[in-house]
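The values are calculated or read from the model by the stated rules, or taken from the named source; none is laboratory data. A quick note: this is a predicted structure, and the numbers were derived from the prediction, not measured. Here Cβ is always computed from backbone atoms with ideal geometry, including for glycine, and neighbour counts include all displayed protein chains. Heads up: the accessible areas ignore ligands, DNA and RNA and are worked out on the full protein's heavy atoms, side chains in. Shrake-Rupley method; radii C 1.70, N 1.55, O 1.52, S 1.80 Å.
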Amino acid sequence: MARTRIVIDTDPGVDDAVAILLALASEELDVLALTSVAGNVDVDQTTRNARRLVDLAGRPDVPVARGAAGPLVHAARFEDGHVHGHDGLGDLTWADPTAPEAGEHAVDLIARRASEAPLTIVAIGPLTNLALLRARYPGIESAIERVVIMGGASFAGNVTAAAEFNVWFDPEAAASVLAGPWPITLLPLDLTHQATLTDVDLAYFAGLGTEVGTRVAGMLEPYAAYHERWHGNRDVIMHDATAVYEVLVPGAIATRGAHLAVETGGALTRGMTVIDRRRAHAERPTRVGEHLDREHFVALVRERLARYPLS
Ligand code: BDR
Ligand code: CA
């Protein structure tokens, strides 16, 4: 079986954590590295969290390379911890991570791995590192097989009425990445909101009796409380795990060709993704995710996370 070579560009993040654990449990994927970026929390903490997660998965051999500390243009604006906790992973207690930080910048690591063989980038945080990759390595797009991005929204945003978090955090970077000549699949909020876990699933993880199961349930508990405050129910949205799912089970997410762009001006719409689905764009290599089968998604996440050993 040919394994898909991926780098996960990430700002862990509770849903990033589930995405990473899903990928590391899946033999279909060859996870070459995690690259960190500022987003849900600052880059010191997203890097630390990525190291915690490779430790948790029993994969300290997966390099963690630090990336951008903030957006291209404006100063970083971090949330107050009400979504992902102050540490980004639900404020559990963790031992100091043993997995080392790679001695290479995230962008250089991605370029190096892309030069060796076809590479898919799974981008589940703000797109600053990918914009810097384009700037530092002109023409790099031709060495990238695919870019799968969790970001944007076709309709309502989640930080503002118009903007989704990953795009809102660094709109200039997202504009650059979406304009690049590489095959992009964008998974916006209207797709990711179909990928929910319920209290039944949280109880399932807690009941596994494994370190991974206990920590996943622990991380998801405050995330569920946030969902209840914000959305009116405790179903947790697994935004970032949909990006791994897209690579893991090709075709599982129904997509269509679209022209993708980002509003970088606008008093009310800065960070809005403009997803043009008109028929003229139907055959474009840039695609937008539209539908997934929730039951299949949940069953896969459960089955893969149950693979982690008891200790
Ligand atoms: C995105 O924002 C972050 O908070 C999540 O990790 C996800 O990547 C959803 O808008
Ligand atoms: Ca994320």
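Within segment 99-109, does at least one residue satisfy the condition of being under 17 Å from the mean Cα position of the chain (by Cα), open to solvent by less than 20 Å² (accessible area, probe 1.4 Å) and either of a type outside the set (Asp, Glu) or within 15 Å of ligand 2 (Cβ to nearest atom) (or both)?
Yes, segment 99-109 contains a residue that is under 17 Å from the mean Cα position of the chain (by Cα), open to solvent by less than 20 Å² (accessible area, probe 1.4 Å) and either of a type outside the set (Asp, Glu) or within 15 Å of ligand 2 (Cβ to nearest atom) (or both).
Could you please find all residues in segment 212-250 being among the acidic types (Asp, Glu), surrounded by 16 or more Cβ atoms within 10 Å (Cβ to Cβ) and in a helix (DSSP H, G or I)?
Listed by number, the residues that qualify are GLU221, GLU246.
Go through segment 135-182 and report how many residues are hydrophobic (A, V, I, L, M, F, W, C), within 16 Å of ligand 1 (Cβ to nearest atom) and part of a loop (DSSP other than H, G, I, E, B).
The qualifying residues number 6.
Contact list please: Cβ distance under 6 Å, first residue in segment 75-90 and under 10 Å from ASP42 (Cα atoms) and in contact (Cβ under 8 Å) with a residue 40 or more places away in the chain, second residue basic (Lys, Arg) and open to solvent by 30 Å² or more (accessible area, probe 1.4 Å), pairs at least six apart or on different chains.
Hits for this filter: zero, empty list.
Among the numbered conditions (1) β-branched (Val, Ile, Thr); (2) within 12 Å of ligand 2 (Cβ to nearest atom); (3) open to solvent by 10 Å² or more (accessible area, probe 1.4 Å), tell me where VAL37 comes up short.
So VAL37 meets the others, but not (3).
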